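Here the structure comes first, spelled out in structure tokens, and everything after it is commentary.
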Amino acid sequence: MILMHDITRDGNPVLRQVAKPLTFPLSDEYKKLADEMMQYLIDSQDPKIAEKHQLRAGVGLAAPQVGKSIQMAALLVPNDKGEIIFKEVFVNPKILSESVRKACLAEGEGCLSVDKDIEGYVPRPDKLKIRYYTVDGEEKTIRLKDYPAIVASHEIDHLNGHLFYDRINKENPFSLAEDTIVIS
Ligand code: CO
């Protein structure tokens, strides 16, 4: 089971590396890691289990956050009713295209690897077209928008060595392009 002490924190160089792509079939070790990363997200969104194991709630977890510099990330995205609207483990994800129009979360973003609150809007493409492989090696191309697109962008950023606050405007953290969608 992945616990908070297994999560790499900002300052650990692994979070700033470009993660390496995987080849198929995945090793048993990497398949197990994919399961464990998804299980962390499931457990962290269950108030009782999260409380018991002191897990911070997460909607995405990338392999560098558990110390593995490989192109793998788990996503478990709920809607505001707590229903899961996107669940997948991405292997070797690639953004094929993105909208010019940006979206951001009204409350900003957080990250399991960043312990302090960092205020500011984190503008990301509102729509993404992503190609990735499943853990079983199946190639998929999907389109995401709004909240699931933001989570996917945050996780793919991790695989490229970026953290969410890199995208916050340094001079004015709450400035946005005029047509940016603010998701609350
Ligand atoms: Co993160």
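Read-outs throughout are calculated quantities, based only on the coordinates presented, and are distinct from any laboratory measurement. As the structure is a computational prediction, the values presented were derived from the model and not from experiment.
Please report the spacing between the Cα centers of region 59-130 and region 137-184 in Å, no decimals.
7 Å
Less than 20 Å apart at the alpha-carbon level, and either on another chain or at least 8 residues along: which aspartates and glutamates does that give for residue 102?
Hits, sequence-local ones excluded: 119, 126, 146, 155, 157, 166, 171, 178, 179.
Between Rg and the Kirkwood Rh of region 1-66, both from Cα atoms, what is the Rg to Rh ratio?
Ratio of gyration radius to Kirkwood radius for region 1-66: 1.00.
What do you get for Rg/Rh over region 129-184 if you use C-alpha atoms and the Kirkwood form of Rh?
1.06
Just from its helices, what would the mean residue ellipticity at 222 nm be for the chain, if runs of 4 or more DSSP H residues each count -39500 (n - 2.57) and the sum is divided by every residue, rounded to the nearest 500 deg cm²/dmol?
-6500 deg cm²/dmol
Calculate one ³J(HN,Hα) per residue across region 25-32 by plugging θ = phi - 60° into the Karplus curve 6.51 cos²θ - 1.76 cosθ + 1.60, and present them in order as whole Hz with x for glycine and proline.
Each residue's phi maps through the Karplus curve to give x, 5, 5, 4, 4, 6, 5, 5 Hz.
In whole Hz and in residue order, list the ³J(HN,Hα) couplings for region 111-125 that follow from phi through the Karplus curve 6.51 cos²θ - 1.76 cosθ + 1.60, θ = phi - 60°; x for Gly and Pro.
Ordered by residue, 3J(HN,Hα) equals 7, 4, 8, 10, 6, 8, 6, 10, 7, x, 6, 10, x, 9, x Hz.
Suppose we keep just the DSSP beta bridges with both residues in the chain; what percent of those would be antiparallel, to 5?
85 percent
Mind checking which of 94, 68, 116 has the largest fluctuation in a GNM of the chain, springs on alpha carbons under 10 Å?
The residue with the greatest mean-square fluctuation here is 116.
Residues with amide H under 5 Å of residue 60's amide H, sequence separation 5 or more or different chain, H placed in the peptide plane at 1.01 Å from N; which?
Result for residue 60 returns 76.
Using a Gaussian network for the chain with springs between C-alpha atoms less than 10 Å apart, which of these wobbles most: 48, 32, 20?
Checking each option, the largest mean-square fluctuation is seen for 48.
Amide H neighbours of residue 183 under 5 Å, counting only residues 5+ apart in sequence or on other chains, H built in-plane at 1.01 Å?
Answer set, sorted by chain and number: 104, 105, 106.
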